Amino acid sequence: MLILPFGNRRILGHEAMGIVESVGEGVHEVVEGDTVIPIFLPDCGDCTDCLSNKSNLCSKFSFSISPWITRDKTSRFTDINGETLYHFMFVSSFSEYTVVDIAHVTKIDPATPPNRACLFTCGVAAGVGAVWKKANVEAGTTVAIFGLGSIGLAVAEGARLCGAKRIIGVDANEDKFELGKKFGVTDFVNSRNCGDKTVSQVIIEMTGGGADYCFECVGVTSLMQEAYASSRKGWGKTVVLGFDQQAEMLTLSSYEVLHSGKSITGSLFGGLKPKADIPLLIKRYMDKELLLDEFVSHDVDFEDINKAFDLLLEGKSIRCVIWMNK
């Protein structure tokens, strides 16, 4: 449990895998003993958006950083003194037991290794999904990825699976190129070593006009604009996965938007519908098509969770799996 600055004591954590201990009234999708993963994005299964192939944004339960459980806006947690503890992203996985609305629970193959199943609950799935579902990248195309963190590497893996001919990684850390090669990155641009040119100018020269698809995976507004500038006129598509915590405005020239024919779109959880698409991705992993093991750089016990945060802040881990109890 961590104390957040705005006063609400929340149990954090939103990527996990678990076993159903019990179910509440009216729950029929899962039963006690089922293997499941909780996912922050709701999938009610019966609203207009959940029934459509065009959206993964449930209109019955909208996504937010909420302190409550989804359906009745209350908390299921208390401390030893009976005082309320709050939820985090509807999951709160830094706990031996948690309570999750069925709209946020996806049943999976029990044969899936737990330390791999948890990776499908956010970053890796979001990156692969952004290529597969949101951008619909075709074989033989060129992809540029801004930021080769875990999500950017997942985008590279998705591009590899979709058959992209050229995958350009953009990052300020040269070491990321060697790592990116595992996931199909073919070219690297050091954003700090472009001389008097912008990154977009370098990419346009490299590709003879710009990348077919650009993915912003950092959450920096200036990079979103640079990604858009790096995409090819006529059909270039830019997908934004990063979130700028400063909520800065994205500024695009109306002239360029009209005359270039390019597009830009957001991608929450990669456009994936959790209950339909995650089992498909897991099967691709189990069939040894989707690289997943390579994302896990460290395993730690829950008592060493601060070590995991240190590795993250130091940039020494891709994904660190925290075991509640092996």
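The values are calculated or read from the model by the stated rules, or taken from the named source; none is laboratory data. As the structure is a computational prediction, the values presented were derived from the model and not from experiment. Positions of Cβ are backbone-derived with ideal geometry, glycine not excepted, and every protein chain shown enters the neighbour counts. SASA here: full protein model, heavy atoms, side chains in, ligands and nucleic acids out. Shrake-Rupley method; radii C 1.70, N 1.55, O 1.52, S 1.80 Å.
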Most to least accessible of Lys237, Lys283 (protein chains only, probe 1.4 Å): Lys283, Lys237
Qualifying lysines (Cα of each under 18 Å from Cα of Lys283; at least 8 residues distant if same chain): Lys107, Lys133, Lys273, Lys275
Among residues other than Lys182 whose Cβ falls under 12 Å from its Cβ, what is the net charge (Lys/Arg +1, Asp/Glu -1)? -1
Given the whole protein assembly as supplied and a 1.4 Å probe, what does the accessible area of Tyr255 come to in Å², nearest 10? 150 Å²
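For the chain, what is the mean residue ellipticity at 222 nm derived from helices alone (per DSSP H run of n ≥ 4: -39500 (n - 2.57); sum divided by total residues; nearest 500 deg cm²/dmol)?
On the way: 9 runs with 79 residues, N = 326.
Value at 222 nm, helices only, nearest 500: -7000 deg cm²/dmol.
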Solvent-accessible surface (1.4 angstrom probe) belonging to Leu268, in square angstrom, nearest 10: 70 Å²
Report the one residue of Ile65, Ser254, Cys217 whose Cα lies farthest in the direction of the positive end of the charge dipole of the chain (charges on C-beta: Lys and Arg +1, Asp and Glu -1; origin at the Cα centre). Ser254
For the chain, the dipole about the Cα centre with charges only on Cβ (Lys and Arg +1, Asp and Glu -1), to the nearest 20 debye, works out at 940 debye
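Report the percentage of all Cα-Cα pairs in region 9-158 whose separation exceeds 18 Å, rounded to a whole percent. Intermediate values should be presented prior to the final figure.
Values: 7095 of 11175 pairs.
Pairs farther apart than 18 Å: 63 percent.
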To one decimal place, what orientation-averaged projected area in nm² is obtained for the convex hull of the Cα set of region 104-147? 4.7 nm²
Straight-line reach from Lys262: which aspartates and glutamates have a Cα under 18 Å away, not including same-chain ones fewer than 8 places off? Glu138, Glu205, Asp212, Glu216, Glu226
Solvent-accessible area of Thr142 with every protein chain in place, 1.4 Å probe, in Å² to the nearest 10: 20 Å²
Accessible area, probe 1.4 Å, largest first, for residues Thr251, Thr207: Thr251, Thr207
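Net charge near Gly45: determine it from the other residues with C-beta under 10 Å of the C-beta of Gly45, scoring Lys and Arg +1 and Asp and Glu -1.
0
If DNA, RNA and ligands are ignored and the probe is 1.4 Å, what is the ranking of Arg116, Arg71 by accessible area, most exposed first? Don't skip to the end; give the middle numbers.
On the way: Arg116 35, Arg71 125 Å².
Largest accessible area first, the list is Arg71, Arg116.
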